[in-house]
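Since the structure comes first, as C-alpha coordinates, the remarks are kept for the end.
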Amino acid sequence: MKIKIGVIFGGRSVEHEISIITANQAMTNINEEKYEIVPIYISKAGLMYTGEKLLKLEFYKDLDNLLKELTPITIVNNGKNVNIVRYPMKKLGNNIINTIDVAFPTMHGTNGEDGTIAGYLEMLQVPYIGCDMLSASIGMDKIMMRRVLKEAQIPSLDYVAFYSTDYIKEEEKIINEIEEKLRYPLIVKAGNLGSSVGIKKAKTDTELKEAIEYSMQFSDRVMVENAIVNLKEVNCSIIGDTSNAIASECEEPLGSDEILSYQDKYISGGKTKAGEVAGGSKGMATLQRKLPAEISDEMKSEIQELAIKTFKVLGCSGVSRIDFLVDNDTNDVYVNEINTIPGALSYYLWEATGKTFEKEIDELVDIALKRKREREKLVFSYDQNILALQGNKIGIKK
Ligand SMILES: Nc1ncnc2c1ncn2[C@@H]1O[C@H](COP(=O)(O)OP(=O)(O)O)[C@@H](O)[C@H]1O
Ligand SMILES: [Mg+2]
(Lines give C-alpha, C1' and ligand atoms only; values in the text may rest on other atoms or scores of the structure.)
(Ligands and ions follow the chains in the order given, each with its own letter.)
Protein backbone atom coordinates (compact mmCIF):
# COMPACT_ATOMS: atom_id res chain seq x y z
CA MET A 1 0.00 0.00 0.00
CA LYS A 2 1.29 3.42 -0.93
CA ILE A 3 1.59 6.06 1.78
CA LYS A 4 -0.85 8.87 0.99
CA ILE A 5 0.74 12.30 1.29
CA GLY A 6 -1.60 15.27 1.63
CA VAL A 7 0.36 18.19 0.17
CA ILE A 8 -1.20 21.33 1.66
CA PHE A 9 -0.46 24.68 0.04
CA GLY A 10 -1.69 28.16 -0.89
CA GLY A 11 -3.31 29.90 2.06
CA ARG A 12 -4.01 33.41 3.29
CA SER A 13 -0.55 34.84 2.80
CA VAL A 14 1.21 37.30 0.52
CA GLU A 15 3.34 34.30 -0.41
CA HIS A 16 0.31 32.36 -1.72
CA GLU A 17 1.72 31.98 -5.24
CA ILE A 18 5.18 31.08 -3.98
CA SER A 19 3.59 28.31 -1.95
CA ILE A 20 1.91 26.99 -5.10
CA ILE A 21 5.33 26.84 -6.76
CA THR A 22 6.95 25.07 -3.80
CA ALA A 23 4.09 22.56 -3.67
CA ASN A 24 4.36 21.96 -7.38
CA GLN A 25 8.10 21.36 -7.11
CA ALA A 26 7.50 18.93 -4.24
CA MET A 27 4.67 17.11 -6.03
CA THR A 28 6.76 16.58 -9.16
CA ASN A 29 9.57 15.11 -7.05
CA ILE A 30 7.57 12.75 -4.84
CA ASN A 31 8.39 9.11 -5.59
CA GLU A 32 5.07 7.90 -6.94
CA GLU A 33 6.02 4.27 -6.58
CA LYS A 34 6.08 4.73 -2.85
CA TYR A 35 3.62 7.54 -2.26
CA GLU A 36 0.25 8.71 -3.55
CA ILE A 37 -0.13 12.48 -3.78
CA VAL A 38 -3.32 14.04 -2.43
CA PRO A 39 -3.17 17.75 -3.30
CA ILE A 40 -4.96 20.05 -0.84
CA TYR A 41 -5.14 23.66 -1.93
CA ILE A 42 -6.15 26.45 0.45
CA SER A 43 -7.58 29.39 -1.48
CA LYS A 44 -6.83 33.04 -0.76
CA ALA A 45 -10.14 33.09 1.10
CA GLY A 46 -8.90 30.25 3.31
CA LEU A 47 -11.12 27.45 1.93
CA MET A 48 -9.84 23.97 1.10
CA TYR A 49 -10.09 22.19 -2.25
CA THR A 50 -8.78 19.10 -3.96
CA GLY A 51 -8.66 18.00 -7.59
CA GLU A 52 -6.48 16.59 -10.36
CA LYS A 53 -5.88 20.03 -11.87
CA LEU A 54 -3.85 20.99 -8.80
CA LEU A 55 -1.05 18.76 -10.00
CA LYS A 56 -0.19 20.97 -13.00
CA LEU A 57 1.17 24.49 -12.72
CA GLU A 58 -0.38 25.56 -16.03
CA PHE A 59 -3.88 25.52 -14.47
CA TYR A 60 -2.97 28.19 -11.90
CA LYS A 61 -2.83 31.10 -14.34
CA ASP A 62 -6.44 32.02 -13.51
CA LEU A 63 -7.02 31.16 -9.85
CA ASP A 64 -10.75 32.07 -9.85
CA ASN A 65 -11.37 29.81 -12.79
CA LEU A 66 -9.33 27.02 -11.24
CA LEU A 67 -11.52 27.05 -8.11
CA LYS A 68 -14.58 26.25 -10.23
CA GLU A 69 -12.88 23.08 -11.47
CA LEU A 70 -11.97 21.82 -7.99
CA THR A 71 -13.91 20.04 -5.25
CA PRO A 72 -14.40 21.97 -2.00
CA ILE A 73 -13.42 19.80 0.95
CA THR A 74 -12.92 19.55 4.66
CA ILE A 75 -10.61 17.15 6.53
CA VAL A 76 -12.13 14.88 9.16
CA ASN A 77 -10.58 12.33 11.51
CA ASN A 78 -13.29 9.74 12.17
CA GLY A 79 -11.19 7.82 14.70
CA LYS A 80 -9.91 5.42 12.07
CA ASN A 81 -8.81 7.49 9.10
CA VAL A 82 -8.06 11.06 8.26
CA ASN A 83 -10.57 11.61 5.50
CA ILE A 84 -10.76 14.19 2.73
CA VAL A 85 -14.48 14.88 2.64
CA ARG A 86 -16.46 16.74 -0.02
CA TYR A 87 -18.04 19.75 1.66
CA PRO A 88 -20.81 20.81 1.27
CA MET A 89 -21.75 17.13 1.04
CA LYS A 90 -23.90 15.65 -1.67
CA LYS A 91 -27.10 14.02 -0.48
CA LEU A 92 -26.44 10.88 -2.49
CA GLY A 93 -23.19 9.01 -3.04
CA ASN A 94 -19.91 8.79 -1.20
CA ASN A 95 -18.53 12.07 0.07
CA ILE A 96 -15.23 10.62 1.26
CA ILE A 97 -12.94 11.45 -1.62
CA ASN A 98 -9.71 10.12 -0.18
CA THR A 99 -7.68 9.64 3.01
CA ILE A 100 -4.24 10.86 4.03
CA ASP A 101 -1.54 9.13 6.07
CA VAL A 102 0.83 12.05 6.39
CA ALA A 103 0.39 15.78 5.77
CA PHE A 104 3.00 17.84 3.96
CA PRO A 105 2.42 21.57 4.41
CA THR A 106 4.29 23.66 1.85
CA MET A 107 2.83 26.99 2.88
CA HIS A 108 4.90 30.14 3.27
CA GLY A 109 4.28 33.06 5.58
CA THR A 110 1.20 33.97 7.58
CA ASN A 111 -1.64 31.53 8.34
CA GLY A 112 0.54 28.52 7.59
CA GLU A 113 4.28 28.63 8.21
CA ASP A 114 3.59 30.54 11.44
CA GLY A 115 2.36 27.40 13.22
CA THR A 116 -1.32 27.65 12.37
CA ILE A 117 -1.21 24.70 9.98
CA ALA A 118 0.82 22.66 12.50
CA GLY A 119 -1.85 23.31 15.15
CA TYR A 120 -4.60 22.30 12.76
CA LEU A 121 -2.79 19.05 11.89
CA GLU A 122 -2.09 18.30 15.58
CA MET A 123 -5.82 18.55 16.28
CA LEU A 124 -6.52 16.23 13.36
CA GLN A 125 -3.96 13.80 14.84
CA VAL A 126 -2.32 13.22 11.49
CA PRO A 127 1.49 12.97 11.26
CA TYR A 128 2.89 15.95 9.41
CA ILE A 129 6.15 17.14 7.94
CA GLY A 130 7.80 20.17 9.49
CA CYS A 131 7.91 22.22 12.65
CA ASP A 132 5.33 22.04 15.41
CA MET A 133 3.37 25.09 16.52
CA LEU A 134 5.92 26.45 18.96
CA SER A 135 8.99 26.28 16.72
CA ALA A 136 7.05 27.50 13.68
CA SER A 137 5.50 30.46 15.45
CA ILE A 138 8.72 31.59 17.12
CA GLY A 139 10.56 31.13 13.82
CA MET A 140 8.05 33.38 12.08
CA ASP A 141 8.14 36.15 14.64
CA LYS A 142 11.26 38.22 14.14
CA ILE A 143 11.12 39.70 17.66
CA MET A 144 10.42 36.51 19.62
CA MET A 145 13.02 34.71 17.54
CA ARG A 146 15.62 37.35 18.37
CA ARG A 147 14.82 37.07 22.09
CA VAL A 148 15.31 33.30 21.99
CA LEU A 149 18.57 33.59 20.01
CA LYS A 150 19.96 36.16 22.44
CA GLU A 151 19.07 33.99 25.43
CA ALA A 152 20.71 30.98 23.77
CA GLN A 153 23.82 33.10 23.06
CA ILE A 154 23.58 32.50 19.34
CA PRO A 155 25.12 35.55 17.63
CA SER A 156 22.39 37.90 16.38
CA LEU A 157 22.22 41.66 15.90
CA ASP A 158 21.31 44.00 18.76
CA TYR A 159 17.82 45.36 18.43
CA VAL A 160 15.06 47.46 19.95
CA ALA A 161 11.48 46.21 19.66
CA PHE A 162 8.22 47.92 20.53
CA TYR A 163 4.46 47.92 19.96
CA SER A 164 3.00 50.45 17.52
CA THR A 165 0.55 51.55 20.21
CA ASP A 166 3.45 52.46 22.53
CA TYR A 167 5.25 54.28 19.72
CA ILE A 168 2.20 56.43 19.09
CA LYS A 169 2.14 57.38 22.78
CA GLU A 170 5.88 57.75 23.42
CA GLU A 171 7.60 58.40 20.10
CA GLU A 172 10.48 60.49 21.48
CA LYS A 173 11.24 58.05 24.30
CA ILE A 174 11.46 55.14 21.89
CA ILE A 175 13.57 57.09 19.38
CA ASN A 176 15.94 58.01 22.23
CA GLU A 177 16.20 54.41 23.33
CA ILE A 178 17.03 53.33 19.76
CA GLU A 179 19.67 56.03 19.40
CA GLU A 180 21.23 55.08 22.74
CA LYS A 181 21.40 51.34 22.13
CA LEU A 182 22.05 51.24 18.38
CA ARG A 183 23.84 53.32 15.75
CA TYR A 184 22.95 54.53 12.26
CA PRO A 185 22.43 53.19 9.64
CA LEU A 186 19.53 51.18 11.02
CA ILE A 187 17.15 48.62 9.58
CA VAL A 188 13.50 48.80 10.52
CA LYS A 189 11.36 45.66 10.18
CA ALA A 190 7.74 44.82 10.78
CA GLY A 191 7.47 42.27 13.61
CA ASN A 192 6.18 39.21 11.86
CA LEU A 193 6.30 39.42 8.09
CA GLY A 194 8.51 37.79 5.50
CA SER A 195 9.46 38.41 1.89
CA SER A 196 11.13 41.74 2.68
CA VAL A 197 7.72 43.37 3.10
CA GLY A 198 7.73 46.25 5.60
CA ILE A 199 11.55 46.62 5.73
CA LYS A 200 13.41 49.91 5.29
CA LYS A 201 16.88 51.29 5.94
CA ALA A 202 17.34 54.56 7.85
CA LYS A 203 20.43 56.76 7.90
CA THR A 204 19.03 59.70 9.91
CA ASP A 205 16.43 60.22 12.61
CA THR A 206 13.97 61.61 10.04
CA GLU A 207 14.40 58.47 7.93
CA LEU A 208 14.08 56.36 11.07
CA LYS A 209 10.69 57.89 11.92
CA GLU A 210 9.51 57.44 8.33
CA ALA A 211 10.67 53.83 8.30
CA ILE A 212 8.93 53.07 11.60
CA GLU A 213 5.67 54.55 10.33
CA TYR A 214 6.01 52.52 7.16
CA SER A 215 6.58 49.27 9.09
CA MET A 216 3.64 50.03 11.38
CA GLN A 217 1.34 49.64 8.39
CA PHE A 218 2.22 45.96 8.25
CA SER A 219 2.42 44.86 11.86
CA ASP A 220 1.48 45.93 15.36
CA ARG A 221 5.11 45.50 16.43
CA VAL A 222 8.32 46.90 15.01
CA MET A 223 11.94 45.86 15.36
CA VAL A 224 14.90 48.15 14.75
CA GLU A 225 18.43 46.78 14.45
CA ASN A 226 21.89 47.87 13.35
CA ALA A 227 22.37 47.67 9.61
CA ILE A 228 25.41 45.87 8.30
CA VAL A 229 26.96 48.16 5.72
CA ASN A 230 29.39 45.79 4.04
CA LEU A 231 27.03 42.85 3.94
CA LYS A 232 27.26 39.31 2.64
CA GLU A 233 24.22 37.05 3.00
CA VAL A 234 24.67 33.32 3.45
CA ASN A 235 21.93 30.71 3.78
CA CYS A 236 22.17 27.16 5.03
CA SER A 237 19.47 24.50 5.23
CA ILE A 238 18.97 21.93 7.98
CA ILE A 239 17.13 18.62 7.80
CA GLY A 240 16.28 16.60 10.87
CA ASP A 241 14.85 17.04 14.32
CA THR A 242 16.16 17.91 17.76
CA SER A 243 17.99 14.59 18.13
CA ASN A 244 19.61 14.48 14.72
CA ALA A 245 20.06 17.47 12.43
CA ILE A 246 22.41 17.90 9.48
CA ALA A 247 23.49 20.98 7.54
CA SER A 248 23.45 21.48 3.76
CA GLU A 249 25.81 23.33 1.46
CA CYS A 250 25.78 27.12 1.96
CA GLU A 251 24.56 29.57 -0.68
CA GLU A 252 25.05 33.27 -1.16
CA PRO A 253 21.84 34.87 -2.45
CA LEU A 254 22.53 37.92 -4.60
CA GLY A 255 20.12 40.86 -4.68
CA SER A 256 19.99 43.73 -7.10
CA ASP A 257 19.54 46.53 -4.57
CA GLU A 258 20.47 47.08 -0.94
CA ILE A 259 17.69 45.06 0.58
CA LEU A 260 17.03 41.74 -1.08
CA SER A 261 13.46 42.40 -2.14
CA TYR A 262 10.34 40.44 -2.98
CA GLN A 263 11.12 41.30 -6.59
CA ASP A 264 14.61 39.80 -6.31
CA LYS A 265 13.40 36.74 -4.51
CA TYR A 266 10.50 35.75 -6.64
CA ILE A 267 9.80 37.86 -9.71
CA SER A 268 12.96 38.82 -11.53
CA GLY A 269 14.15 35.23 -11.88
CA GLY A 270 17.73 34.66 -12.77
CA LYS A 271 20.25 32.15 -13.89
CA THR A 272 19.80 28.76 -12.34
CA LYS A 273 22.73 26.60 -11.40
CA ALA A 274 22.49 24.79 -14.72
CA GLY A 275 22.77 28.13 -16.48
CA GLU A 276 19.31 28.28 -18.02
CA VAL A 277 17.42 31.53 -17.57
CA ALA A 278 14.11 31.01 -15.83
CA GLY A 279 11.36 33.61 -15.60
CA GLY A 280 9.85 33.91 -12.12
CA SER A 281 8.14 30.55 -12.08
CA LYS A 282 10.36 28.71 -9.69
CA GLY A 283 10.45 31.01 -6.67
CA MET A 284 13.53 30.83 -4.46
CA ALA A 285 15.11 28.17 -6.64
CA THR A 286 15.91 30.68 -9.40
CA LEU A 287 17.10 33.56 -7.28
CA GLN A 288 20.54 34.66 -8.43
CA ARG A 289 23.02 33.03 -6.12
CA LYS A 290 26.50 31.76 -5.63
CA LEU A 291 26.36 28.09 -4.73
CA PRO A 292 28.49 27.20 -2.89
CA ALA A 293 28.91 30.53 -1.13
CA GLU A 294 32.28 32.20 -1.49
CA ILE A 295 33.36 31.88 2.13
CA SER A 296 36.29 30.30 3.90
CA ASP A 297 36.03 26.71 5.12
CA GLU A 298 36.13 28.02 8.70
CA MET A 299 33.23 30.37 8.13
CA LYS A 300 31.28 27.62 6.39
CA SER A 301 31.74 25.32 9.41
CA GLU A 302 30.80 28.14 11.78
CA ILE A 303 27.62 28.84 9.80
CA GLN A 304 26.66 25.17 9.58
CA GLU A 305 27.17 24.72 13.33
CA LEU A 306 25.15 27.84 14.15
CA ALA A 307 22.40 26.71 11.78
CA ILE A 308 22.14 23.35 13.56
CA LYS A 309 22.17 25.07 16.95
CA THR A 310 19.42 27.49 15.91
CA PHE A 311 17.30 24.64 14.54
CA LYS A 312 17.67 22.69 17.78
CA VAL A 313 17.18 25.63 20.15
CA LEU A 314 13.88 26.43 18.46
CA GLY A 315 12.84 22.75 18.52
CA CYS A 316 12.47 22.46 14.74
CA SER A 317 11.66 19.42 12.64
CA GLY A 318 11.72 18.67 8.92
CA VAL A 319 13.57 21.06 6.63
CA SER A 320 14.37 24.69 7.48
CA ARG A 321 16.65 27.32 6.00
CA ILE A 322 18.61 29.57 8.32
CA ASP A 323 19.68 32.90 6.85
CA PHE A 324 22.83 34.63 8.03
CA LEU A 325 24.18 38.14 7.74
CA VAL A 326 27.97 38.38 7.49
CA ASP A 327 29.79 41.64 8.17
CA ASN A 328 32.55 41.67 5.56
CA ASP A 329 34.50 44.28 7.53
CA THR A 330 34.83 42.18 10.68
CA ASN A 331 33.95 38.65 9.42
CA ASP A 332 31.33 38.50 12.17
CA VAL A 333 28.46 36.11 11.47
CA TYR A 334 24.91 36.72 12.71
CA VAL A 335 21.82 34.55 12.49
CA ASN A 336 19.19 36.72 10.84
CA GLU A 337 16.14 34.52 10.48
CA ILE A 338 14.82 31.02 10.02
CA ASN A 339 12.38 29.89 7.36
CA THR A 340 10.67 26.82 8.75
CA ILE A 341 9.05 26.05 5.38
CA PRO A 342 11.72 27.37 3.03
CA GLY A 343 11.05 28.28 -0.60
CA ALA A 344 11.48 25.23 -2.86
CA LEU A 345 12.16 23.33 0.40
CA SER A 346 15.80 24.31 -0.16
CA TYR A 347 16.16 21.33 -2.50
CA TYR A 348 18.92 23.07 -4.46
CA LEU A 349 21.05 23.32 -1.30
CA TRP A 350 20.66 19.57 -0.77
CA GLU A 351 21.26 18.68 -4.40
CA ALA A 352 24.59 20.45 -3.97
CA THR A 353 25.46 17.85 -1.30
CA GLY A 354 24.33 14.97 -3.53
CA LYS A 355 20.89 14.45 -1.99
CA THR A 356 18.13 14.40 -4.61
CA PHE A 357 14.82 16.18 -3.99
CA GLU A 358 13.12 12.79 -4.02
CA LYS A 359 15.44 11.53 -1.27
CA GLU A 360 14.88 14.72 0.71
CA ILE A 361 11.11 14.18 0.67
CA ASP A 362 11.60 10.55 1.66
CA GLU A 363 13.59 11.65 4.70
CA LEU A 364 10.99 14.28 5.60
CA VAL A 365 8.24 11.66 5.62
CA ASP A 366 10.35 9.39 7.85
CA ILE A 367 10.98 12.23 10.31
CA ALA A 368 7.24 13.00 10.45
CA LEU A 369 6.34 9.36 11.11
CA LYS A 370 9.07 9.04 13.74
CA ARG A 371 7.73 12.10 15.60
CA LYS A 372 4.23 10.61 15.56
CA ARG A 373 5.54 7.36 17.07
CA GLU A 374 7.48 9.23 19.74
CA ARG A 375 4.54 11.42 20.68
CA GLU A 376 2.32 8.38 21.02
CA LYS A 377 4.59 7.24 23.86
CA LEU A 378 3.89 10.42 25.84
CA VAL A 379 1.15 10.47 28.44
CA PHE A 380 -1.69 12.77 27.47
CA SER A 381 -4.43 11.45 29.76
CA TYR A 382 -4.93 9.35 32.85
CA ASP A 383 -7.30 6.46 32.71
CA GLN A 384 -8.76 7.49 36.04
CA ASN A 385 -11.80 9.72 35.51
CA ILE A 386 -11.81 12.02 38.51
CA LEU A 387 -15.43 12.89 37.86
CA ALA A 388 -16.28 9.28 38.69
CA LEU A 389 -14.93 9.80 42.22
CA GLN A 390 -17.20 10.92 45.01
CA GLY A 391 -17.57 14.68 45.18
CA ASN A 392 -16.04 15.08 48.67
CA LYS A 393 -12.88 13.15 47.73
CA ILE A 394 -11.89 15.62 45.01
CA GLY A 395 -12.97 18.67 46.92
CA ILE A 396 -16.00 19.62 44.88
CA LYS A 397 -18.34 21.63 47.09
CA LYS A 398 -22.04 21.48 46.48
N1 LIG B 1 20.68 44.27 9.74
C2 LIG B 1 20.70 44.29 8.41
N3 LIG B 1 21.69 44.92 7.76
C4 LIG B 1 21.71 44.98 6.42
N5 LIG B 1 20.78 44.43 5.61
C6 LIG B 1 19.77 43.76 6.20
C7 LIG B 1 19.67 43.66 7.62
N8 LIG B 1 18.55 42.98 7.91
C9 LIG B 1 17.98 42.66 6.74
N10 LIG B 1 18.69 43.12 5.70
C11 LIG B 1 18.37 42.96 4.28
O12 LIG B 1 16.95 42.88 4.14
C13 LIG B 1 16.56 41.60 3.63
C14 LIG B 1 15.27 41.13 4.28
O15 LIG B 1 15.41 41.05 5.67
P16 LIG B 1 14.97 39.76 6.49
O17 LIG B 1 15.27 40.00 7.92
O18 LIG B 1 15.61 38.58 5.87
O19 LIG B 1 13.41 39.74 6.30
P20 LIG B 1 12.42 38.83 5.46
O21 LIG B 1 11.70 38.02 6.46
O22 LIG B 1 11.50 39.80 4.82
O23 LIG B 1 13.21 38.00 4.50
C24 LIG B 1 17.75 40.70 3.92
O25 LIG B 1 17.77 39.61 3.04
C26 LIG B 1 18.91 41.66 3.72
O27 LIG B 1 19.16 41.85 2.33
MG1 LIG C 1 14.96 37.00 4.70
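The values are calculated or read from the model by the stated rules, or taken from the named source; none is laboratory data. Because the structure is a prediction, the values reported are computed rather than measured. We place every Cβ from the backbone using ideal geometry, glycine too, and count neighbours over all the protein chains shown.
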**Report entry** Lone qualifier among Asp101, Asp132 - being farther than 25 Å from Glu15 by Cα, modelled with pLDDT of 95 or more and not polar (S, T, N, Q)
**Finding:** Asp101
Requested in this report: Show the residue pairs that are 6+ apart or on different chains and have beta-carbon atoms under 8 Å apart, the first residue being within segment 334-346 and touching a residue at least 24 places away in the same chain (Cβ under 8 Å) and among the β-branched types (Val, Ile, Thr), the second being part of a helix (DSSP H, G or I) and within 12 Å of ligand 1 (Cβ to nearest atom).
Outcome: Ile338/Gly139; Ile338/Met145; Thr340/Gly139; Thr340/Met140
Query raised in the report: Applying the selection to segment 346-382, what residues are more than 15 Å from Asp241 (Cβ to Cβ), surrounded by 23 or more Cβ atoms within 10 Å (Cβ to Cβ) and away from ligand 2 (no atom under 16 Å from the Cβ)?
Result: Tyr347, Tyr348, Ile361
Report task. May I ask you to list the residues in segment 1-58 that are in a loop (DSSP other than H, G, I, E, B) and either without any contact (Cβ under 8 Å) to a residue 60 or more places away in the chain or farther than 23 Å from Ser320 by Cβ (or both)? Result -> Met1, Lys2, Glu32, Glu33, Lys34, Ser43, Lys44, Ala45, Gly46, Leu47, Gly51, Lys56
Requested in this report: Could you tell me which residue of segment 115-159 is nearest to ligand 1 (Cβ to nearest atom), considering only residues that are part of a helix (DSSP H, G or I) and among the polar types (S, T, N, Q)?
Outcome: Ser137
Query raised in the report: Can you pull out the residues in segment 54-68 that are surrounded by fewer than 16 Cβ atoms within 10 Å (Cβ to Cβ) and under 12 Å from Tyr41 (Cα atoms)?
Result: Leu55, Leu63
Query - Matching residues, segment 334-393, being among the hydroxyl-bearing types (Ser, Thr, Tyr), within 20 Å of the chain's Cα centre (by Cα) and away from ligand 1 (no atom under 16 Å from the Cβ) - result: Tyr347, Tyr348
Query raised in the report: Does any residue in segment 212-227 that is farther than 20 Å from Lys181 by Cβ come within less than 8 Å, Cβ to Cβ, of a residue that is within 16 Å of ligand 2 (Cβ to nearest atom) and modelled with pLDDT of 95 or more six or more places away or on a different chain, and which pairs are these?
Result: Tyr214/Val188
Requested in this report: Look at Leu306 and say whether it is among the aliphatic types (A, V, I, L, M), more than 15 Å from ligand 2 (Cβ to nearest atom) and touching a residue at least 60 places away in the same chain (Cβ under 8 Å).
Outcome: yes
**Report entry** Hits in segment 193-240 (condition: within 19 Å of the chain's Cα centre (by Cα), within 13 Å of ligand 2 (Cβ to nearest atom) and either in a loop (DSSP other than H, G, I, E, B) or surrounded by fewer than 17 Cβ atoms within 10 Å (Cβ to Cβ) (or both))
**Finding:** Leu193, Gly194, Ser195, Ser196, Val197, Gly198, Ile199
